[in-house]
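Please read the structure below before turning to the comments.
The values are calculated or read from the model by the stated rules, or taken from the named source; none is laboratory data. Just so it is clear, the structure is predicted and the values come from calculations on it, not from any experiment. When we count neighbours, we look across all protein chains shown, and the Cβ atoms used for this are built from the backbone with ideal geometry, even at glycine.
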Amino acid sequence: MTKREYEVAVIGGGPAGLTAALYATRLGHDTICINRGGGRAAMMLDTHNVIGVPESVSGNEFLQTAIEQLEEYGTTYERGYVEAIEPTAAGFQLTVGDSSIATKRVVLATGFSDVRPDPPLPRTGRGLHYCLHCDAYMFVDEPVYVMGHGESAAQVAMIMLNFTDDVDLLTRGEAPTWSEETERQLNAHPVELIDADITDAHTTDDGWLEGFTFETGETRAYRGGFPMYGSEYNNELAEALGCALNDDGTVVVNDHGRTSVDGVYAVGDLTPGHNQIPVAMGDGARAGIDLHYSLRTYPKSLDEIERDGVVSETEVPAVSEQLRKSARKHRQQPTAADD
């Protein structure tokens, strides 16, 4: 196998992982970001709630711009799937295809997958939406559905009354599983409960949802809505490393993204909290800064100075020659050493 070495390995290429890789690289650590592709951000047709980024920017465009920035800074970015990860005396060893990657720190940014309801469905982002905080604004004064039969579906249906007076809760033939207290609460709000299953979805020429036809033959108009069937967390690597998990499958972390396993961080949708791009980016930034504190060479402690002597001019800077070359190129100040 091809053997490679990095100080930091980020697994996952969404906003959290890319930001962690950004900070690790710019703080002087040889970093690789391994992304298997897909993810919630990649599915976005429009970008919402990211200040400074126009809504006309798609998720893929947003991510591609970030990847290009990382590569300019000197991050190694590649598409791949981490098949295994094991602790070693010096850190961790990742198996990615025919490569063995040794690293001192690991950042898990593998996120989760929304559980999709059965078809017929509109196109994701054109009437089928998974983020209330991102997309509720789009449905002010519009007819909206919430799909599901659990506690979260009932709560989201009531929350949507903050934005529109036309909210239907579609259980699609499933018996409600929300609590008696929620039942009383729901009955006190103008949410219409529709039990019949959907037989057809109607869309405009540009793919936006127009409405659903139900097995009763009735057709109702909707601009869009939210399926609430839960999430499946991509926590296999975290579990294999022995990281503590919460009951819902998220990874337990502290305020800096550190897991219960020394040297392993988790960021973004894999951890508890709001599933938002700015939040994920903040997670990645905090983890990147924290792992820098644990990895940086200088300042030497007094114990290290007494043991090894003073730091000579030939020992600095600590940044690798590869990152120094990338930094010089990024500043557009090439030297003869870059040729």
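Candidates are the residues of segment 234-262 that are assigned to a strand (DSSP E or B) and either among the hydrophobic types (A, V, I, L, M, F, W, C) or assigned by TED's automatic domain parsing to the domain that holds Glu151 (or both); the one that is nearest to Gly17 (Cα to Cα) is Val251. When segment 48-83 is filtered for residues that are among the small types (Gly, Ala, Ser), modelled with pLDDT of 95 or more and out of contact with any helix residue (DSSP H, G or I) (no Cβ under 6 Å at 6 or more places or on another chain), only Gly80 remains.
In contact (Cβ under 8 Å) with a residue 60 or more places away in the chain, buried (at least 19 other Cβ atoms within 10 Å of the Cβ) and under 30 Å from Leu170 (Cα atoms): does that describe Tyr233? So Tyr233 fits the description; yes.
For segment 65-101, a residue qualifies if it is of a type in the set (A, V, I, L, M) and buried (at least 16 other Cβ atoms within 10 Å of the Cβ), and the qualifying residues are Ala66, Ile67, Leu70, Val82, Ile85, Leu94, Val96, Ile101. The single condition among (1) on the phi > 0 side of the Ramachandran plot; (2) surrounded by fewer than 24 Cβ atoms within 10 Å (Cβ to Cβ); (3) at pLDDT below 95 that Gly28 does not meet is (3).
With respect to Leu121, determine if the residue is touching a strand residue (DSSP E or B) at 6+ places or on another chain (Cβ under 6 Å) and buried (at least 19 other Cβ atoms within 10 Å of the Cβ). So Leu121 fails the test.
A Cβ distance below 8 Å, combined with a sequence gap of six or more or placement on separate chains, defines the contacts here; from segment 279-306, residues that are farther than 12 Å from Tyr265 by Cβ and touching a residue at least 24 places away in the same chain (Cβ under 8 Å) reach residues that are assigned to a helix (DSSP H, G or I) and charged (D, E, K, R) in the pairs Ala280/Asp269. The residues of segment 107-128 that are over 16 Å from the mean Cα position of the chain (by Cα) and part of a loop (DSSP other than H, G, I, E, B), listed by number, are Arg116, Pro117, Asp118, Pro119, Pro120, Leu121, Pro122, Arg123, Gly125, Arg126, Gly127.
Asp248 fulfils the conditions (1) under 23 Å from Ala90 (Cα atoms); (2) more than 16 Å from the chain's Cα centre (by Cα) except for a single criterion, (1).
Considering only residues in segment 31-47 that are farther than 16 Å from Gly111 by Cα and buried (at least 18 other Cβ atoms within 10 Å of the Cβ), the one that is modelled with the lowest pLDDT turns out to be Thr47. Looking across segment 251-278, the residues that are within 25 Å of His48 (Cβ to Cβ) and without any contact (Cβ under 8 Å) to a residue 60 or more places away in the chain come down to Thr271, Pro272, Gly273. When segment 206-233 is filtered for residues that are acidic (Asp, Glu) and either under 19 Å from Met147 (Cβ atoms) or part of a helix (DSSP H, G or I) (or both), the ones remaining, listed by number, are Glu210, Glu215, Glu218, Glu232. Within segment 9-25, residues that are on the phi > 0 side of the Ramachandran plot sit with their Cβ atoms under 9 Å from residues that are of a type outside the set (Ser, Thr, Tyr) and in a strand (DSSP E or B), at 6+ positions apart or across chains, in these pairs: Gly12/Cys33; Gly12/Ile34; Gly12/Asn35; Gly12/Val107; Gly12/Leu108. Does Gly127 qualify as being within 30 Å of Val251 (Cα to Cα) and surrounded by 14 or more Cβ atoms within 10 Å (Cβ to Cβ)? Spelling it out, it is not the case that Gly127 is within 30 Å of Val251 (Cα to Cα) and surrounded by 14 or more Cβ atoms within 10 Å (Cβ to Cβ). Looking across Asp206, Asp197, Asp141, Asp166, one residue alone is out of contact with any Asp or Glu (no Cβ under 9 Å at 6 or more places or on another chain) and over 30 Å from Ala238 (Cβ atoms). It is Asp206.
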